[in-house]
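Asker: There's a structure below that I have some questions on.
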Amino acid sequence: MTINPTLRNYLLAASLLAAGTAQAQNAAPGTITVQVNKPGAAVPKNLYGLFFEDINFAADGGLYPELVKNKSFETDDHLIGWKAIKGAAGLSTYTISTQNPISATNNHFLRLTVATAGPDAGFVNEGFRGMGVKAGAEYTLSLWARRGPGSIGSLTVSLQDEKGQPLAQTKFSGLTGEWKKYTAVLKASATALKGSLQINVDGTGTADIDVVSLFPKDTWMKRENGMRPDLVQLLKDMKPGFLRFPGGCIVEGITLDNRYQWKKSIGDVAAREPMINRWNKEFKHRYTPDYYQSFGLGFFEYFQLSEDIGAEPLPILNVGMACQFNSSELAPVSSAAGKGPSASEPHDHATDDPTLETFIQDALDLVEFANGPVSSPWGAKRAAMGHPAPFNLKMIGIGNEQWGPQYLERYEPFAKALKAKYPKMEIVSSAGPSPDGELFDKASKRLRELNAEYIDEHYYAKPEWFRQNVGRYDNYPRTGSKIFAGEYAAQSVAIGSTENKNSWDCAISEAAFMTGLERNADVVSMASYAPLFAHVDAWQWVPDMIWFDNLKSYGTPNYYVQKMYSTNRGTTMLPVQLPGNAKNGTDNLFATAVADGSDIVVKLVNYSPTSRPVKVNLAGAKGLGKTGKATTMSSPDLQTVNSLTEPMKLVPQESTFAVNGTQVSYTLAPNSFTVLRVAGKK
C-alpha cells in the first residue's frame, strides 16, 4: 500500500526510538553511588524560593483580584479603563474634576451630566482584559458618590457578561450633596471570562463618582483585601523558602521618580496613589499603555503573603539608581551617607530630589516597619494595618540588578548604615545582569572583600547553557559570601523573544542545572526562577513559571520542576559518584542527592531520547524500607508545553520501586527528571 510521507517519517522515528529504547534497556546499568555514610553540609532552609515582580499583569489583574481598573481616576490618563456608554440618549458631558474631592490623595473624580434620562447615561469599566466572574460567586461592590444640580437621586450598577447581558444588579439610592460611600454584594448568575461593570445615572442633572471597587469575596483566607486563591495555592504548594519582592527592574524604575517606594504602598488601600508600571511601554512589540500599579498589593500584603505561604520575606530596595538599561539616573552620594540613621519620626514620602540618605533611611524605616515594636513609629503603622506582631524580617536586598562603580559606591555606605543599626540583618547584593564578564568579575571580587552575605547572580540563556554550566559552582570559594541565584530561566529562542516557550526542553535543562545548585548548596544558599506570573492576554515577557487568565491558572513544566526540587529539598547534602567517576552531565546524565531526615532523596536527569537503566548504591545506608517512591516527569517531545486547555499535559507522575538492601535498580525514562525517595529507619 502507499504510505503518506508524514506517516512514513513518523513510523521510522518510532521504530528508531523503540530500537534505541530496547538497546538501552538491554545495556548493562551504570552504577551511581550515593555516599550516605559521608554526609556533607546542611542544605539551607531557604534554598528554593520565589521571585515576584509586577510584570505581565502579575499584581493588578493577577494575584491582586480587584476587578475595576483605575478605580479612583488617579492615573495619568484619568479615564483609562473607563468608557462612556454609546447611545442616542447618553451623557451630555463628562469630565474629570478636582472640585472638593474626597481627600488630598483621592483628588480626581468622574463628573457626569445628563440632559435626557435613559439607559445610555453612564459609564463602563472594562477591568483587566475583562472581568472574570463565576456563577454563584459573590463580589463586594463599593463606590463613593454625590449629586449636584438636578434630579439625580440614584445610580444603577450592573455586572455584565461579554455580550452585555446582566449577571447581577443593584441600585444605590438617596444620593446627597455630600460624598458618601455606598456598598452592596453582587452575586453573579452566570460565569463570564471577560465581563464588565456598568454604572447608570438615574435622572437628569450632575453626579460625581469615585473609588469604584468590585472585589471578590473568595480570596485567600477570605481576607477583605486578600489575594486570588488559586494563584496563592500554587505558590504555597511549592513550600518556598523565601519570597523576593517587589522585583526586579520595577524596584529601579525607568527614572528615580518611577521607582518603587514602599512607603507609598502601605496604609489605607483607597488612599494609595497609583503609578505607571515601568513595563507599560518597555517593549514596542508588547505596548501596554494601560499598565499601572494600584499598590492594592503593597509591602504589607507582601509580608503577609510571605507569612501565609511559609516563606522568608526578602524585600529588595532601590539603592539610589534608576534602571541602567533606561535613564541610568543616579541619586547623589554625600559625605554624610552611611554615617548611621537619622530622625526616627516616620516620613511617608521621599523628597523630590532624593540623595542617597533618602534611600538609606527608607531601608532603616522598612526594618522598623517589619520588626519594630508597636510603640515605634513604623511598628505602629504595621499594627494599625492589623498585624501587631513583627514579621521577623531577616534579610534585605540593596539594589536589584545594578552594575559598575556607580553601584558599589552606593552599596558600601548603604550596607554600612544598615549594619550599624541592625547588625544581624543579612544583605543581598548585586553582581549585575550578566553571569560573567569584566563588570561581573569586579563586582563579585569587591563584594567578597566587603563580606556581603549574598551575591545575586542572574542568568537567562538557551537551554544548552544550563546543561553545559551545571558545574558552575564546583570551584567557587567554600567560605565567605554565598550565592543567590536570584533570576534564571532557559530561553527556548532568545532572551526577550516573544516566541519563547515554557517547553520541556527548557524545564529539563533547568532541572539539570539545579543538580549543580543543590550539590553546591554550601555555596548557593538561595535560588529562584523568574518571572513568576503572566496573564495570557497581557504579558510583556516570556517564558514565565505560572500562567493565568481571568478565571483559571496552570503551572508550566518549569513550575513542576521547581516544585519537585523545593518539596524534596532535604536537610543534608550527600556526595554522588556517577558511573566511571564521570563528571556530572557526562553523557547527559545529571544527579544530586540529599538526606531528608532519615529519608534518602536522589534526583536524576536523563537528557536523552532513550531510556537509561541505572543501579543506585546507597552506600552505608541502614534500616531502609523495601520500597521507595519515584516522582517522574518525562516526554518524548522536548517541545511539550502545558496550557489553559491542557494544564496537566506534562506533570509529575508517582510510582513505587523495589529496594534490595542498599541497592536500587531503576530505568530512567527518555527525557526525564526523576526524584527517588527511600525511607530510612525513623
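The values are calculated or read from the model by the stated rules, or taken from the named source; none is laboratory data. No experiment lies behind these values; they were computed from the predicted model shown. Heads up, the Cβs are rebuilt from the backbone with ideal geometry, glycines too, and the neighbour counts pull from every protein chain shown.
Asker: Determine whether the range 557-565 contains at least one residue that is modelled with pLDDT under 95 and polar (S, T, N, Q). Working first, answer last.
Answerer: Step one: list which residues in the range 557-565 are modelled with pLDDT under 95, which gives none.
No, that holds for no residue.
Asker: Filter the range 437-464 for residues that are aromatic (F, W, Y) and in a strand (DSSP E or B); which is nearest to Y407 (Cα to Cα)? Give the derivation first.
Answerer: Of the range 437-464, the ones aromatic (F, W, Y) are 440, 454, 459-460.
Still in the running and in a strand (DSSP E or B): 454, 459-460.
Details: Y454: 15, Y459: 19, Y460: 22 Å.
Across the range 437-464, the extreme among qualifying residues is Y454.
Asker: Select from the range 86-133 the residues that are of a type in the set (S, T, Y) and out of contact with any strand residue (DSSP E or B) (no Cβ under 9 Å at 6 or more places or on another chain) and list them in ascending order.
Answerer: Taking the range 86-133 and keeping what is of a type in the set (S, T, Y), we get 92-95, 97-98, 103, 105, 113, 116.
Hits for the range 86-133 are S103, T105.
Asker: Charged (D, E, K, R) and modelled with pLDDT of 95 or more - does that describe any residue in the range 107-117? Lay out the reasoning, then the answer.
Answerer: Keep residues of the range 107-117 that are charged (D, E, K, R), which gives 111.
Next, only the ones that are modelled with pLDDT of 95 or more stay: 111.
Within the range 107-117, one or more residues are charged (D, E, K, R) and modelled with pLDDT of 95 or more.
Asker: Still on this structure, please answer the following. A593 versus (1) over 14 Å from R519 (Cβ atoms); (2) small (G, A, S); (3) crowded, with 24+ Cβ neighbours inside 10 Å: which is the lone unmet condition?
Answerer: Result: A593 passes all but (1).
Asker: Would it be correct to say that S553 is in contact with a helix residue (DSSP H, G or I) (Cβ under 8 Å, 6 or more places away or on another chain), under 20 Å from N642 (Cα atoms), buried (at least 24 other Cβ atoms within 10 Å of the Cβ) and hydroxyl-bearing (S, T, Y)?
Answerer: On the way: in contact with a helix residue (DSSP H, G or I) (Cβ under 8 Å, 6 or more places away or on another chain): yes; under 20 Å from N642 (Cα atoms): yes; buried (at least 24 other Cβ atoms within 10 Å of the Cβ): no; hydroxyl-bearing (S, T, Y): yes.
No.
Asker: Right, another one. Filter the range 261-301 for residues that are of a type in the set (G, A, S) and out of contact with any strand residue (DSSP E or B) (no Cβ under 7 Å at 6 or more places or on another chain); which is modelled with the lowest pLDDT? Step through it out loud before you land on a result.
Answerer: Pass one, the range 261-301, residues of a type in the set (G, A, S): 265, 267, 270-271, 294, 296, 298.
Next, from what is left, pick out any that are out of contact with any strand residue (DSSP E or B) (no Cβ under 7 Å at 6 or more places or on another chain): 265, 267, 271, 298.
Values: S265: 98, G267: 97, A271: 92, G298: 98.
For the range 261-301, the residue satisfying everything is A271.
Asker: May I pose another question? Which residue out of L235, L186 is closer than 23 Å to D549 by Cβ, in contact with a strand residue (DSSP E or B) (Cβ under 7 Å, 6 or more places away or on another chain) and touching a residue at least 60 places away in the same chain (Cβ under 8 Å)?
Answerer: Values: L186 fails: touching a residue at least 60 places away in the same chain (Cβ under 8 Å).
Going through L235, L186 in turn, just one is closer than 23 Å to D549 by Cβ, in contact with a strand residue (DSSP E or B) (Cβ under 7 Å, 6 or more places away or on another chain) and touching a residue at least 60 places away in the same chain (Cβ under 8 Å): L235.
Asker: Could you say whether any residue in the range 379-396 is in contact (Cβ under 8 Å) with a residue 40 or more places away in the chain, crowded, with 18+ Cβ neighbours inside 10 Å and closer than 22 Å to A331 by Cα?
Answerer: Yes, the range 379-396 has at least one match.
Asker: To continue, here is another question. Quick check on this structure: which one of Y476, Y529 is of a type in the set (F, W, Y) and surrounded by fewer than 21 Cβ atoms within 10 Å (Cβ to Cβ)? Give the derivation first.
Answerer: Numbers: Y529 fails: surrounded by fewer than 21 Cβ atoms within 10 Å (Cβ to Cβ).
Of the residues listed, the single one that is of a type in the set (F, W, Y) and surrounded by fewer than 21 Cβ atoms within 10 Å (Cβ to Cβ) is Y476.
Asker: Oh, and also: Run down S434, S429 and say which single residue is assigned to a strand (DSSP E or B) and either buried (at least 17 other Cβ atoms within 10 Å of the Cβ) or in the same structural domain as M321 (by TED's automatic domain parsing) (or both). I'd like the intermediate steps shown before the answer.
Answerer: On the way: S434 fails: assigned to a strand (DSSP E or B).
None of the other options fit; the residue is S429.
Asker: Of all residues in the range 149-181, count the ones that are aromatic (F, W, Y) and surrounded by fewer than 19 Cβ atoms within 10 Å (Cβ to Cβ).
Answerer: Of the residues in that region, 1 qualify.
Asker: Filtering the range 622-640 down to residues that are of a type in the set (V, I, T) and in contact with an Asp or Glu (Cβ under 9 Å, 6 or more places away or on another chain), which residue is nearest to T610 (Cα to Cα)?
Answerer: As a first pass, look at the range 622-640 and keep what is of a type in the set (V, I, T): 627, 631-632, 640.
Among the residues that remain, those that are also in contact with an Asp or Glu (Cβ under 9 Å, 6 or more places away or on another chain) are: 631-632, 640.
On the way: T631: 19, T632: 15, T640: 17 Å.
Checked the range 622-640; the qualifying residue nearest to T610 (Cα to Cα) is T632.
Asker: Could you go through the range 573-583 and let me know if any residue there is among the charged types (D, E, K, R) and in contact with a helix residue (DSSP H, G or I) (Cβ under 8 Å, 6 or more places away or on another chain).
Answerer: First, the residues of the range 573-583 that are among the charged types (D, E, K, R): 583.
With in contact with a helix residue (DSSP H, G or I) (Cβ under 8 Å, 6 or more places away or on another chain) added as a condition, the list becomes none.
Checked the range 573-583: no residue is among the charged types (D, E, K, R) and in contact with a helix residue (DSSP H, G or I) (Cβ under 8 Å, 6 or more places away or on another chain).
Asker: Given (1) without any contact (Cβ under 8 Å) to a residue 12 or more places away in the chain; (2) closer than 24 Å to N469 by Cβ; (3) not aliphatic (A, V, I, L, M), where does T645 come up short, assuming only one miss?
Answerer: Only one criterion is unmet by T645, namely (2).
Asker: Looking only at the range 200-220, how many residues end up being outside any strand (DSSP E or B) and surrounded by 20 or more Cβ atoms within 10 Å (Cβ to Cβ)? Let's see the steps before the verdict.
Answerer: Narrowing the range 200-220 to residues outside any strand (DSSP E or B): 203-204, 217-220.
This time we only want the ones that are surrounded by 20 or more Cβ atoms within 10 Å (Cβ to Cβ), so: 220.
The number of residues fulfilling the criteria is 1.
Asker: Give the range 491-508 a look and list any residue that's in a loop (DSSP other than H, G, I, E, B) and either modelled with pLDDT of 95 or more or not assigned by TED's automatic domain parsing to the domain that holds D544 (or both), or say none.
Answerer: Filtering the range 491-508 for residues in a loop (DSSP other than H, G, I, E, B) gives 491-503.
Across the range 491-508, the qualifying residues are Q491, S492, V493, A494, I495, S497, T498, E499, N500, K501, N502, S503.
Asker: Taking Y488, is it modelled with pLDDT of 95 or more, closer than 18 Å to G247 by Cβ and surrounded by fewer than 24 Cβ atoms within 10 Å (Cβ to Cβ)?
Answerer: Working: modelled with pLDDT of 95 or more: yes; closer than 18 Å to G247 by Cβ: yes; surrounded by fewer than 24 Cβ atoms within 10 Å (Cβ to Cβ): yes.
So Y488 passes the test.
Asker: Now for a separate question. Identify, by number, the condition in (1) farther than 19 Å from A135 by Cα; (2) touching a residue at least 40 places away in the same chain (Cβ under 8 Å); (3) among the hydroxyl-bearing types (S, T, Y) that S173 doesn't meet.
Answerer: The failed condition is (2).
Asker: Let me ask another. List the pairs whose first member sits in the range 308-337 and is more than 15 Å from G248 (Cα to Cα), whose second member is in a strand (DSSP E or B) and hydroxyl-bearing (S, T, Y), and whose Cβ atoms are under 6 Å apart, counting only residues at least 6 apart or on separate chains?
Answerer: Final answer for the pair search is none.
Asker: Counting only residues that are aliphatic (A, V, I, L, M) and buried (at least 20 other Cβ atoms within 10 Å of the Cβ), which one in the range 189-199 is nearest to K69 (Cα to Cα)?
Answerer: Restricting attention to the range 189-199, the residues satisfying the condition of being aliphatic (A, V, I, L, M) are 190, 192-193, 197, 199.
Now drop any that are not buried (at least 20 other Cβ atoms within 10 Å of the Cβ), which leaves 192, 197, 199.
Details: A192: 17, L197: 10, I199: 14 Å.
Checked the range 189-199; the qualifying residue nearest to K69 (Cα to Cα) is L197.
Asker: Here is a follow-up. Based on this model, can you work out whether D120 counts as modelled with pLDDT under 95 and under 19 Å from G81 (Cα atoms)? Give the steps one after another, and end with the answer.
Answerer: Numbers: modelled with pLDDT under 95: yes; under 19 Å from G81 (Cα atoms): yes.
Judged against the criteria, D120 is a match.
Asker: Next question, about the same structure. Within the set of pairs 6+ apart or on separate chains, which have a first residue in the range 539-565 that is over 20 Å from E510 (Cβ atoms), a second that is modelled with pLDDT under 95 and outside any loop (DSSP other than H, G, I, E, B), and C-beta atoms under 7 Å apart?
Answerer: As it stands, the answer is Q540/R286, since those pairs meet every condition given.
Asker: Same structure, new question: How many residues are more than 17 Å from A679 (Cα to Cα) and assigned to a strand (DSSP E or B) when one looks only at the range 601-620?
Answerer: 7
Asker: Somewhere in the range 248-260, is a residue basic (K, R) and at pLDDT 95 or above? Show your work before the answer.
Answerer: The initial filter retains those residues of the range 248-260 that are basic (K, R), namely 259.
The next check asks that each one be at pLDDT 95 or above; those that pass are 259.
The answer is yes, given that some residue of the range 248-260 is basic (K, R) and at pLDDT 95 or above.
Asker: Kindly provide the set of residues from the range 641-682 that are loosely packed, with under 13 Cβ neighbours inside 10 Å and either under 21 Å from Q35 (Cα atoms) or of a type in the set (A, V, I, L, M, F, W, C) (or both), ordered by number.
Answerer: Result: M648, A658, N660, G661, K681, K682.
Asker: P240: surrounded by 22 or more Cβ atoms within 10 Å (Cβ to Cβ) and part of a loop (DSSP other than H, G, I, E, B), yes or no? It would help to see each step written out before you state the result.
Answerer: On the way: surrounded by 22 or more Cβ atoms within 10 Å (Cβ to Cβ): yes; part of a loop (DSSP other than H, G, I, E, B): yes.
Answer is yes for this residue.
Asker: A further question follows. Among the residues of the range 637-651, is there at least one that is part of a strand (DSSP E or B) and in the same structural domain as V594 (by TED's automatic domain parsing)?
Answerer: Here is the first cut: in the range 637-651, the residues part of a strand (DSSP E or B) are none.
Taking every residue of the range 637-651 in turn, none turns out to be part of a strand (DSSP E or B) and in the same structural domain as V594 (by TED's automatic domain parsing).
Asker: Within the range 13-69, how many residues turn out to be at pLDDT 95 or above and either closer than 30 Å to V524 by Cβ or among the basic types (K, R) (or both)?
Answerer: Initial filter on the range 13-69 (at pLDDT 95 or above): 31-69.
Now drop any that are not either closer than 30 Å to V524 by Cβ or among the basic types (K, R) (or both), which leaves 31-56, 58-59, 62-63, 69.
Residues flagged as at pLDDT 95 or above and either closer than 30 Å to V524 by Cβ or among the basic types (K, R) (or both) within the range 13-69 amount to 31.
Asker: Right, something else. Is it the case, given these coordinates, that G253 is among the small types (G, A, S), under 20 Å from the mean Cα position of the chain (by Cα) and in a loop (DSSP other than H, G, I, E, B)?
Answerer: Working: among the small types (G, A, S): yes; under 20 Å from the mean Cα position of the chain (by Cα): yes; in a loop (DSSP other than H, G, I, E, B): yes.
Yes, satisfied.
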